[in-house]
Amino acid sequence: MENFLGALIDGIAFGCVYALLAVGLTLAYKTSGVFNIAFGVQAFASGAIYYQLHVTDGWGILPAFVIAVLIVAPLIGVVLDRGLFRYLRSAPPMARLITALGLLVAIPQIVLIWFNQTDATNPTGIVPGGRVVYHVFGAALDRDQLSIIVLAAAVAIGLTLLFRFTALGIRMRAVVESPRMAELSGTDSDRISTASWMLSSLVAGLAGVLLPTVTQQVGDIYYTTLLTAAIAAVVLAQLTNIPIAFTGAIGLGVVQELLNRYLPTNSVLASNLRPSLPFVVLFLVLILSPRLRNRKELTDPLSTVDPPPPAPASGQRSRELTIGTRAVGVLFLGAVGYYVFFHGNASVVGQTIQIAIYAIIFCSIVVITGLAGEVSFAQATFAGIGGFASAQLSSSAGMSVILTIIIGGLIAAAIGGLLAVPALRLGGIFLTLATYAFALFFDNVIVSLSWVSGGLFPVVAPRPQMGTVDFASDKSFLALCIVILVIVGVVVILVRNGTTGRYLSAVRGSEVAAASVGINPMRARIVAFALSAGIAGVGGALLASYEGHANKIDYNAALGLFWVVIVVTLGPRTVEGAIQAAVGFVLFPARVLPDWLPWLINHVQPFLHVNALPIATQFIFFGLGAVTYAKHPEGILEANKGRSLAKVQGLIDRFKRGNPPTPQLEVAAAGTGVGTP
Amino acid sequence: MWCDDYDVSVSIRTIADELDVTPGGFMGARTKVTRTKVSGFATLCFAIVLVASACGNSKSQNQTTDTTGNAGPAATAAPAADLTKFVAGRGPGVDDNKKEIRVAAITTKTNPIGGKYAEYVDGMQAYFDKINAAGGIYGRKLVIVKNRDDTIGLQNNQQVQQSLADDNAFATFVATLQFTGADLLAKAKQPTFTWNINPEMATPKGGPSHANIFGSLGALCFSCGGHYLPWLAKQNNFTKIGILAYSKATSASSGLCADGTRRSYEKFAPTAKVVFFDDSLPFSADIVTDVTRMKQAGVQFINTCMDTNEVTKLAREMKKQGLNAVQQLPNAYDHEAMAASGGVFEGNFISPLYVPWEVTPQSPATQEYLAYTSAHNVKTVELTQDGWIMAAMFLDALKLAGPEFTKQKVIDALNTQKGESPGGMIVPIDWTRQHNDPTNNVAVRSKLECASIMKIVGGKFVPQYSEPGKPWSCFDADPNAPIPVQPQHLSFAPGGVG
């Protein structure tokens, strides 16, 4: 009995770690409408500052706590609100999620550059004598743990009271529901919004200084790992109910502890269930909870008065301009192709192959995000499914590599379609979270199976051969990749312009209106999901074949998040955007940051000499780029392309007829309510 | 001397184990982790390198000092006079105009999912500076022409490819989280020197030869186990053993390491029993229950296949729950971190992968490393020492190849060495066979496993079970050999000191 009680108490103690994050994440959503996936890295910022001041610089606990939690954390909230989220109050939840995702990628790198924090070991908590131990029913708890328990409970209770019994709490909720309607009732939305962000950031800061005593190291990875586990409790609370988030998180901790205590440690069940429990719970809650299926997300009811999204810039060109731009495009690609195939060294050819492969994978994001309007965090996983399947079938079963690439794509498509059936009932953020749970489950359980990834040594993935044509050389393999990219690109364009694309467009505009004219939203989305997964699978198989192995790190879920960031930053709605994203993804770390940008800087001014810019810059660059998604859902490059084409069109018009130029093509994005930050 | 039983001096080293993914540890120690970041889930892999080194077969001319075990031509065999001889036209990577031997480095520096090894290059640079200050070699300076950051995933492959095409380097140094570019370097026959935490360094069974890739360890065997831990348990009368590792999903090598360790006890330690075994831990695990269960099982000695951060957490939880067991630390030879650890590691054992600095008398090579790095403000941690050691191995190879060196000659020369150990700082490696994956091939394993055993006493590292000037405790690595009463105590340093 004492053993059970001890496990229960230990479980409650660890559950409070989740609870602190779950309550913070729920608070952020409740008061801002943002599913703040960057909450963990906000916590990391405060944790790093506290560590720097208290452990490294020797400040006392109180002044370090005041600076890190009471000053810096709310300030971060003010900056995020005033600089970003204030302009997204009426934006669709997906736009806000993407913005938070961008912050998730960018903030840790900014903090690391600032503090040069790498191995922040031996952190201390916020109470003196944090290691002093108390024994309760056979469980040993130290002061640091008790401080987490007490503060997590205090935060949960305090916030519950705030929202139930104070005018501020009600105003906070009103501003999230509809800032414009709240304004009509005399509420200062801006001030309330700022207060909300300060409050949620304060909780993040508190978590930031408390949790390192559990993880023993201050690193963004630890916060994010714990946060991801806490998401299950947040979803259980339907993102808004703080008491349920709190108790759900504690329940998760208790279940985890009981499993630890009573499952045989060397059993297959233990080795698979323990690492994956939070994701399994998350996925099951998402799929099985009937309340989630019928739940409406926090969206401004007035958002539909906003104008529709801009059409692709290419669709707004005159015939002459279309011919002209296409001619320039063909000439440019011809010149690049000539250089790569006839003068490029192995490095240039290799990078071009990677661009082609990633462009294929990124086309999958175009389908799911650009066309279907959903965000999937599992694209890297689908690429991995294709990669592992192709490698296993070709190296173990001796099948034709080309055939295995196709089969890899089909397997990924089938799994994507199967995942879509239950997940698409959720829609929006919940769908995204379901894909995330699936990706994490795949990373933590499936990939470890030797018949999937090969175990310690990755599975060999040979290059294809078709009859007498051998693609062993890089240049011939590049040609194959380009052909497949063209095929995939054409398929995506055909789908976009065909029935499915129009259905998706209609569903994206208004699901109710689409259903009323006989469109089956589920069917259209499942097709998009399966197609997207299949394309990613083909790209993943090519990636494995290019490298010679199916390396699991290439299909890591975290990498998949960055893929989403880079594609939505540059252009999620066109094949061209996918190619541009691939160019950026490959060339930024390989050429732009180490060579081209320093060369440019050194040649335009005489004062500052730069050798090579840190590769981390790319995460900051693209992470911050993603925060423009709400303003430019068509992507930054696509938006600028629209402007450029409009200018050129104006010049053509003026030249031809002496008419004034046509107006700029850009119009405000649908439902964003975007002002000018 | 033990080594005198043989005709030739052969030293071999066996690594019992290693881990898998990222940087971990106090010094980013010898762990390799795959870690997922943003998601928060990720996989992390950390590894342990437990070790054995081996020595072997040396017939020394001086029985009291020559225990280097070198069978092939000695690494320093090239006549000193030849080292200044300039011969033009040495081929790619050697600039006759600038009189430079060009070297490229590829390290994981800004990995957002964990694992940063930039300090490796600091150690390389320090060693090259020392050599260059003394006039270089063959009338040329050693120059790092490019220090690339391979970040994550495919970037290693990409950076390797780009380096081979653009850097015009004679040799490449690699310290990376995931060595996806190993095949490319092998195919290009580029002399390559690595911080070996990557199974990809080895020539896989039936795979392309990686005979051009050299590490401070031979090819890794995660699951081989060995005699060292059972022997240590016996010495300390530990009869109840606990083993902890990450789940195979978190780190494949960690799970293999745990399996190998358990088999070692079953085979070599009849009096010790593994009473607690957990190879299901996720990254950043909750280990409260593990400690509770180990306490209930009466565990006395704990072996882990995890990164330093996790063993720190484990140590703290043990202290909290009052579990008075001893840990064998996989990689925590970091003086700063140990000083800051608050005494939670008191009484634990650790076996660094090179001669510990506390050994007395120190070998000339260790003294030189410590003196030079101290004088030039280079951090003295495992990564810089490994960079220093591998730079020294490169220099050994150049000396062996002679003034008319080429890439292939450097590779071939080093591959004749049966006991390569720059300055005797590491257990000698038999490069005639230790390129190959030893997991299921006993023939390519080293003949001895060696450990330089330290105990943490009063927050300091104190050498154990060694003799003055002979820091290594070595066992016969034959998996069928019985556990000895006492290991051989050896030195691999020229002159047999330290």
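Taken over the range A:539-568, the residue count meeting the criterion of being of a type in the set (A, V, I, L, M), farther than 21 Å from B:Ser251 by Cβ and facing chain B (nearest Cβ under 7 Å) is 1. For the residues B:Pro356, B:Pro361, the requirement of being part of a loop (DSSP other than H, G, I, E, B) and under 24 Å from B:Lys379 (Cβ atoms) singles out B:Pro356.
So that you can scan it fast, the table gives a plain yes or no per residue for (1) in a helix (DSSP H, G or I); (2) β-branched (Val, Ile, Thr):
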residue	(1), (2)
A:Leu480	yes, no
A:Leu485	yes, no
A:Val490	yes, yes
A:Arg496	yes, no
A:Gly501	yes, no
A:Ser505	yes, no
A:Gly518	no, no
A:Ala524	yes, no
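Please tell me if A:Leu282 is within 15 Å of B:Ser280 (Cα to Cα), modelled with pLDDT of 65 or more and within 14 Å of another protein chain (Cβ to nearest Cβ). No. When the range B:213-237 is filtered for residues that are part of a loop (DSSP other than H, G, I, E, B) and crowded, with 24+ Cβ neighbours inside 10 Å, the ones remaining, listed by number, are B:Ser216, B:Leu217, B:Gly218, B:Ala219, B:Leu220, B:Cys221, B:Phe222, B:Cys224, B:Gly225, B:Gly226, B:His227. With a requirement of 3 or more residues that are more than 11 Å from chain A (Cβ to nearest Cβ), touching a Gly at 6+ places or on another chain (Cβ under 7 Å) and surrounded by 24 or more Cβ atoms within 10 Å (Cβ to Cβ), none of the strands (runs of 3 or more DSSP E) lying completely within the range B:120-212 satisfies it. Tell me, yes or no, whether the range B:398-417 has at least one residue that is assigned to a helix (DSSP H, G or I), of a type in the set (A, V, I, L, M), touching a Ser or Thr at 6+ places or on another chain (Cβ under 8 Å) and modelled with pLDDT of 90 or more. Yes, that holds for at least one residue. Does the range B:201-221 include one or more residues that are without any contact (Cβ under 8 Å) to a residue 24 or more places away in the chain and within 26 Å of A:Asn260 (Cα to Cα)? No, that holds for no residue.
Does the range A:42-53 include one or more residues that are aromatic (Phe, Trp, Tyr), within 14 Å of another protein chain (Cβ to nearest Cβ) and outside any loop (DSSP other than H, G, I, E, B)? For the range A:42-53, residues aromatic (Phe, Trp, Tyr), within 14 Å of another protein chain (Cβ to nearest Cβ) and outside any loop (DSSP other than H, G, I, E, B): present. Filtering the range A:578-624 to residues that are among the small types (Gly, Ala, Ser), in a helix (DSSP H, G or I) and more than 18 Å from A:Gln379 (Cβ to Cβ) leaves A:Ala590, A:Ala616.
For the range B:352-366, the set of residues classified as modelled with pLDDT of 90 or more and of a type in the set (Gly, Ala, Ser) consists of B:Ala365 only. Within the range A:143-164, the set of residues being surrounded by fewer than 22 Cβ atoms within 10 Å (Cβ to Cβ) and of a type in the set (D, E, K, R) comprises A:Arg143, A:Arg164.
Condition check ((1) under 30 Å from A:Ile113 (Cβ atoms); (2) of a type in the set (S, T, N, Q); (3) out of contact with any strand residue (DSSP E or B) (no Cβ under 8 Å at 6 or more places or on another chain)) across all residues:
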residue	(1), (2), (3)
A:Gln145	no, yes, yes
A:Arg171	no, no, yes
A:Arg180	no, no, yes
A:Gly205	yes, no, yes
A:Tyr222	yes, no, yes
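For the range A:77-91, a tally of residues being buried (at least 24 other Cβ atoms within 10 Å of the Cβ) and not in a helix (DSSP H, G or I) returns 3.
The condition (being hydrophobic (A, V, I, L, M, F, W, C) and away from chain B (no Cβ under 13 Å)) is satisfied by just one residue among A:Ala397, A:Ala383: A:Ala397.
Determine, yes or no, whether A:Gly387 is buried (at least 23 other Cβ atoms within 10 Å of the Cβ) and touching a residue at least 40 places away in the same chain (Cβ under 8 Å). Judged against the criteria, A:Gly387 is a match. For the range A:165-181, filtered to residues that are among the aliphatic types (A, V, I, L, M) and in contact (Cβ under 8 Å) with a residue 60 or more places away in the chain, the residue that is surrounded by the fewest Cβ atoms within 10 Å (Cβ to Cβ) is A:Met181. Check A:His54 against each of (1) within 29 Å of A:Ser196 (Cβ to Cβ); (2) crowded, with 24+ Cβ neighbours inside 10 Å and name the one condition it does not meet. Looking at each condition in turn, A:His54 falls short on (2).
The residue that is modelled with the lowest pLDDT, counting only those in the range B:169-202 that are under 22 Å from B:Thr406 (Cβ atoms) and of a type in the set (S, T, N, Q), is B:Thr194. Take the residues in the range B:87-105 that are among the hydrophobic types (A, V, I, L, M, F, W, C) and surrounded by 13 or more Cβ atoms within 10 Å (Cβ to Cβ), then tell me which one is nearest to B:Thr194 (Cα to Cα). Applying the filter and picking the extreme gives B:Ala105. Count of the range B:291-345 residues, restricted to those that are assigned to a helix (DSSP H, G or I), modelled with pLDDT of 90 or more, surrounded by 24 or more Cβ atoms within 10 Å (Cβ to Cβ) and touching a Phe, Trp or Tyr at 6+ places or on another chain (Cβ under 7 Å), is 2. Residue by residue through the range A:147-179, note down the ones that are among the polar types (S, T, N, Q) and in a helix (DSSP H, G or I). Across the range A:147-179, the qualifying residues are A:Ser147, A:Thr160. Counting the residues of the range A:587-601 that are at the interface with another protein chain (Cβ under 8 Å from one of its Cβ atoms) and in contact with a helix residue (DSSP H, G or I) (Cβ under 8 Å, 6 or more places away or on another chain) gives 2.
Exactly one residue out of A:Leu210, A:Leu184, A:Leu226 is more than 14 Å from every other protein chain (Cβ to nearest Cβ) and either modelled with pLDDT of 85 or more or within 17 Å of A:Ile37 (Cβ to Cβ) (or both): that is A:Leu210. Among the residues of the range A:169-203, those that are under 20 Å from A:Ala22 (Cα atoms) and in contact with a Ser or Thr (Cβ under 7 Å, 6 or more places away or on another chain) comprise A:Met172, A:Val176, A:Ser196, A:Trp197, A:Leu199, A:Ser200. In the condition set (1) at the interface with another protein chain (Cβ under 10 Å from one of its Cβ atoms); (2) farther than 26 Å from A:Ala120 by Cα, B:Lys313 is compliant with all but (2). Among residues of the range B:251-262 that are within 9 Å of chain A (Cβ to nearest Cβ) and within 14 Å of A:Leu456 (Cα to Cα), those with a beta-carbon under 6 Å from a residue that is surrounded by fewer than 24 Cβ atoms within 10 Å (Cβ to Cβ) and polar (S, T, N, Q) at least six positions away or on a different chain give the pairs B:Leu256/B:Ser223.
Restricting the first member to the range A:585-603 and to residues that are of a type outside the set (A, V, I, L, M), and the second to residues that are assigned to a helix (DSSP H, G or I), the beta-carbon pairs closer than 7 Å and six or more apart or on different chains are A:Phe585/A:Tyr358; A:Phe585/A:Ile566; A:Phe588/A:Gln618; A:Pro589/A:Gln618; A:Pro589/B:Gln155.
The values are calculated or read from the model by the stated rules, or taken from the named source; none is laboratory data. In this text, all values refer to a predicted model and were calculated from it rather than measured experimentally. Glycine also receives a Cβ, built like all others from the backbone with ideal geometry; neighbour counts cover every protein chain displayed.
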